[in-house]
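Here the structure is laid out as structure tokens; the discussion comes afterwards.
The values are calculated or read from the model by the stated rules, or taken from the named source; none is laboratory data. No experiment lies behind these values; they were computed from the predicted model shown. Positions of Cβ are backbone-derived with ideal geometry, glycine not excepted, and every protein chain shown enters the neighbour counts. All accessible areas refer to the heavy atoms of the entire protein, side chains included, with ligands and DNA or RNA removed. Shrake-Rupley method; radii C 1.70, N 1.55, O 1.52, S 1.80 Å.
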Amino acid sequence: MTIPRILEVRQGLLKKNDAIAATLRTQYQTAGTFVVNLVSSPGTGKTLFLERTLAALRDRGYRPAALVGDLETDNDALRLARSGAPVRQINTHGICHLEADMIERHLVGWNLTDFDFLFIENVGNLVCTSSYDLGEHLRVVLLAVTEGEDKPLKYPTLFNTADVGLITKADLAAVCEFDPLIAERNIHAVRPGLPLLTVSAKTGLGMAAWFDFLVAHRHQHNTARSEGCRESRVHCQP
Amino acid sequence: MHELSLANRLVQLAEATATEAGAQRVIAVTLRVGDLSGVALDALRFAYDVAAAGTRLEGSRLELRRVGVRVFCNPCQREVELLSVQNFRCPLCGTPSGDVRAGRELEIESLEVE
Ligand SMILES: Nc1nc2c(ncn2[C@@H]2O[C@H](COP(=O)(O)OP(=O)(O)OP(=O)(O)O)[C@@H](O)[C@H]2O)c(=O)[nH]1
Ligand SMILES: [Mg+2]
Ligand SMILES: [Zn+2]
């Protein structure tokens, strides 16, 4: 019989994901591709918003592409492909979030230098998606006016790890009696200073400001590229 | 349910570490879980027993060590622990801060083996 003893470990459970994400980040950097990860609960309008975004960027002369995570179907990928941009579906087979290795596998055969922007539509999920770094430059969290104002307080982690927040389906704000000031207060309670944009992909409201925001961030990022890549935000080891 | 995949990952890591150290059995696992890690503790406990079944972790204890959220407060020039994850303000001076220094952890701290 051996004597019980303690082994010091200090190993992060997401270490493997974070390592792949770091590799991806380097690839994006080298190719000059600006990568955006869209996270939210199911049905906040990610696909419609992305459809409009891909089309508008192409009109402006940019070369966007998209990866879309879905639990079972390829509906969203078909919708996004209508924009004419290259689109690939990631069927997660029931896994409720995207992980960095899924992104890595689905980029095979694509030449990142062909893309100015790569959008990743994550699986609609307010919890798990926040834990997995995909190497993205910008994490966008969507809050639809139909969800009410208190989602950010119920799911602080997702909002806290975002780089920008979008209030979506703004055309429905009045009928939903959505109070934008309360929503903003709640978002800023869990993530002080988060930049917020209000949009409706349906009516086009606020979309021009979003395109300008994107293009400005990509530009800012590309000029800062020589300064080296950003550290992973999630689950970093002390 | 990402707690199950996390639990599987935990068991894999713990088994590898135990094997490397020449241990027969894992008696307990101490896991540090930040309040901002996005992990539901009850779901993780449940998933742990499922994942541990049939491995050298079977029947072991899972000790969860919660890590509160700490941010850096500029006016106070120090790290402070938040009173709530729903209120990212310095408890000393009330200034909002999103400069997170702790609370995202999800890591195995130690194993008790024999
Ligand atoms: N009124 C209104 N409806 C919208 C808007 N954007 C999306 N919708 C509708 O909301 C529903 C869900 O939109 P999607 O774009 O599929 O949402 P999603 O977030 O991609 O959904 P999942 O991928 O299933 O999580 C659809 O019926 C859309 O037509 C909007 O700006 N205004
Ligand atoms: Mg969708
Ligand atoms: Zn302070």
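For the charge dipole of the protein assembly as shown, defined by +1 on Lys and Arg C-beta atoms and -1 on Asp and Glu C-beta atoms about the Cα centroid, which residue among B:L92, B:V11, B:V33 has the Cα displaced farthest towards the positive pole?
Result: B:L92.
So if I place +1 on the C-beta of Lys and Arg and -1 on the C-beta of Asp and Glu, and nothing else carries charge, what would the dipole magnitude of the range A:55-107 be about its Cα centre? I want it in debye, nearest 20. Before the final figure, lay out each step's value.
On the way: 7 positive and 8 negative charges, 87 e Å.
The calculated dipole for the range A:55-107 is roughly 420 debye.
Could you order A:I182, A:I120, A:I20 so the one with the most accessible surface comes first? Probe is 1.4 Å. Numbers along the way, then the final one.
Numbers: A:I182 60, A:I120 0, A:I20 30 Å².
The ranking, largest first, comes out as A:I182, A:I20, A:I120.
What accessible area, in Å² to the nearest ten, does a 1.4 Å probe give for B:L62?
B:L62 has an accessible surface of roughly 20 Å² with all protein chains in place.
For A:I3, what accessible surface area do you get with a 1.4 Å probe? Give it in Å², rounded to 10.
140
Short version: which residues of the range A:66-97 lose at least 10 Å² of accessible area, all chains versus chain alone, 1.4 Å probe?
A:C96, A:H97
Evaluate the relative contact order of the range B:3-113 (contact order divided by residue number), counting alpha-carbon pairs under 8 angstrom at least 6 apart; express in whole percent. Write out the running numbers ahead of the final one.
Details: 212 pairs, mean separation 38.7, N = 111.
That works out to 35 percent.
Which percent of the accessible area of the range A:2-224 is formed by carbon and sulfur heavy atoms (probe 1.4 angstrom)?
55
Quick one: grab Rg to one decimal and Dmax as a whole number for chain A, Cα atoms only, in Å.
Final numbers for Rg and Dmax: 18.4, 72 Å.
With every protein chain present, what is the per residue accessible area of the range B:3-113 (1.4 Å probe, Å²)?
It amounts to 46 Å² per residue over the range B:3-113.
Roughly how much of A:T113 is accessible, in Å² to the nearest 10, using a 1.4 Å probe?
70
Could you tell me the relative contact order of chain A? Use alpha-carbon pairs under 8 Å, at least six residues apart, and round to a whole percent. Before the final figure, lay out each step's value.
Values: 430 pairs, mean separation 55.0, N = 238.
Relative contact order here is 23 percent.
To test your reading of the geometry: what angle, between 0 and 90 degrees and rounded to tens, separates the Cα axis of helix B:41-52 from the longest principal axis of chain B?
So the helix axis and the longest Cα principal axis differ by about 20 degrees.
For chains A and B, what's the summed buried accessible area, probe 1.4 Å, to the nearest 100 square angstrom? Each step should come with its number before you reach the end.
Details: alone 11750 and 6750 Å², together 15450 Å².
Protein heavy atoms only, the A-B interface buries about 3000 Å².
Roughly how big is chain A's charge dipole about its Cα centre, with Cβ charges of +1 (Lys, Arg) and -1 (Asp, Glu), in debye to the nearest 20? Spell out each step's value before the answer.
Details: 25 positive and 27 negative charges, 78 e Å.
Here the size comes out at about 380 debye.
Could you sort the residues of the range A:1-40 by number and keep only those whose accessible area is reduced by 40 Å² or more in the all-protein-chain setting relative to the chain alone, 1.4 Å probe?
SASA drop of 40 Å² or more in the range A:1-40: A:T2, A:P4, A:R5, A:I6, A:L7, A:V9, A:R10, A:Q11, A:L13.
Can you tell which of A:F49, A:L118, A:T33 lies farthest toward the positive end of the dipole of chain A, using +1 and -1 charges on the Cβ of basic and acidic side chains (Lys, Arg; Asp, Glu)?
A:T33
Where does chain A land at 222 nm, in deg cm²/dmol rounded to the nearest 500, when only DSSP H runs of n ≥ 4 count, each adding -39500 (n - 2.57), divided by all residues? It would help to have the intermediate numbers written out before the result.
Details: 8 runs with 83 residues, N = 238.
The helix-only estimate for chain A comes to -10500 deg cm²/dmol at 222 nm.
I need the calculated FRET efficiency for the pair A:D171 and A:R88, taking r as the beta carbon distance and R₀ as 25 Å, to the nearest 0.05. Don't jump to the answer; show the numbers that get you there.
Details: r = 30 Å, r/R0 = 1.20.
It comes out at approximately 0.25.
Quick one: pull the percent of accessible area on chain B belonging to carbon and sulfur, 1.4 Å probe, ligands and nucleic acids left out.
On the way: 2400 of 5280 Å².
Here carbon and sulfur together make up 45 percent of the probe-accessible area.
Only helical DSSP H runs with n ≥ 4 go in: add -39500 (n - 2.57) per run for chain B, normalise by residue count and round the 222 nm mean residue ellipticity to 500 deg cm²/dmol.
Numbers: 2 runs with 31 residues, N = 114.
Using -39500 (n - 2.57) per qualifying helix, the result is -9000 deg cm²/dmol.
Out of the DSSP beta bridges found with both residues in the protein assembly as shown, what percent are antiparallel (nearest 5)?
Numbers: 21 of 55 bridges.
So the antiparallel bridges in the protein assembly as shown amount to around 40 percent.
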